[in-house]
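Trainee: Structure provided below as structure tokens; questions to follow.
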Amino acid sequence: MSKKSFQFTIEPWSVVRENKEYPTPIFNLLQRKMRLEAKDEKNEGNFYVLEAPEWVNAIPITKDNEVLLVEQYRYGIEQPTLEIPGGMVDPGEEPMESIKRELIEETGYHSANWSSLGKVSANPAIMTNYTHLYLAEDCKLIASEKPEGDKHERINVHLLSMDEFLDFVADGTIHHSIMVAAVARFLLKSRREM
């Protein structure tokens, strides 16, 4: 498979001014005044952007080829979801450190066999961050108690066969877009290694 890189040709906009309009513990709403100075066009406008920390997630697989998933309630859609483990990168933490911590916190499992699946933009039209995607293989249970998660996080851990996992992605049971992106990267990696 070729490693050809794409050459972007569109001119970038530059930030003239940035104001923090509304801070929250998870993200900040920014207003950016931006300018385009292309040879055929000059333009300026105000844009709203969500400044968010980097995120991480991982597809954790046990030695029996089962996938670890977390079931949790999501306040945005007001429904429970079935997801791969993940979370925010804490200040001063590297993404790999964060996902190792999140895997243990959310599932009680640990892996010594990690690989990167790259990173994706959550929503580049309005968000500043990326989600770093990982594969955690040979996961082993190290915590005998049920994971506690964060203060407002109730989590149930599920082990599914690889076929069940992929079926749930295909039928929309697993519908979180960043999780689906991780699955796409995982399948591409698997195909390339065949």
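The values are calculated or read from the model by the stated rules, or taken from the named source; none is laboratory data. As the structure is a prediction and not an experimental result, all values here were calculated from the model. FYI the Cβ positions are ideal-geometry reconstructions off the backbone, even for glycines, and counts take in every protein chain you see.
Trainee: Check segment 86-96 and report whether any residue there is modelled with pLDDT of 95 or more and either within 16 Å of residue 175 (Cα to Cα) or assigned by TED's automatic domain parsing to the domain that holds residue 19 (or both).
Mentor: Checked against the condition, which is being modelled with pLDDT of 95 or more and either within 16 Å of residue 175 (Cα to Cα) or assigned by TED's automatic domain parsing to the domain that holds residue 19 (or both), segment 86-96 yields at least one hit.
Trainee: Among the residues of segment 158-170, are any modelled with pLDDT of 95 or more, hydroxyl-bearing (Ser, Thr, Tyr), under 17 Å from the mean Cα position of the chain (by Cα) and in the same structural domain as residue 90 (by TED's automatic domain parsing)?
Mentor: no
Trainee: For the subset of segment 14-37 comprising residues that are free of Cβ contacts under 8 Å to residues at least 24 places away in the same chain and part of a loop (DSSP other than H, G, I, E, B), which member is surrounded by the fewest Cβ atoms within 10 Å (Cβ to Cβ)?
Mentor: Result: 25.
Trainee: Sticking with this one: Please state which one of 111, 115 is at pLDDT 95 or above and under 17 Å from the mean Cα position of the chain (by Cα).
Mentor: Testing whether each residue is at pLDDT 95 or above and under 17 Å from the mean Cα position of the chain (by Cα) leaves just 115.
Trainee: Kindly establish whether residue 78 is in the same structural domain as residue 174 (by TED's automatic domain parsing) and farther than 27 Å from residue 117 by Cβ.
Mentor: For residue 78, the condition - in the same structural domain as residue 174 (by TED's automatic domain parsing) and farther than 27 Å from residue 117 by Cβ - is met.
Trainee: While we're on this one: Using beta carbons and a limit of 8 Å, which pairs, at least six apart or on different chains, have the first residue in segment 65-79 and under 17 Å from residue 163 (Cα atoms) and the second one crowded, with 17+ Cβ neighbours inside 10 Å and aromatic (Phe, Trp, Tyr)?
Mentor: As it stands, the answer is 67/165; 68/109; 69/165, since those pairs meet every condition given.
Trainee: Restricting attention to segment 171-194, which residues are more than 18 Å from the chain's Cα centre (by Cα) and at pLDDT 95 or above?
Mentor: 171 - this is the single residue of segment 171-194 that is more than 18 Å from the chain's Cα centre (by Cα) and at pLDDT 95 or above.
Trainee: Filter segment 95-110 down to the residues that are under 15 Å from residue 153 (Cα atoms) and surrounded by fewer than 18 Cβ atoms within 10 Å (Cβ to Cβ) and list them by number.
Mentor: 104, 105
Trainee: Among the listed residues 54, 66, identify the single one that is surrounded by fewer than 19 Cβ atoms within 10 Å (Cβ to Cβ), under 20 Å from residue 120 (Cα atoms) and at pLDDT 95 or above.
Mentor: On inspection, the qualifying residue turns out to be 54.
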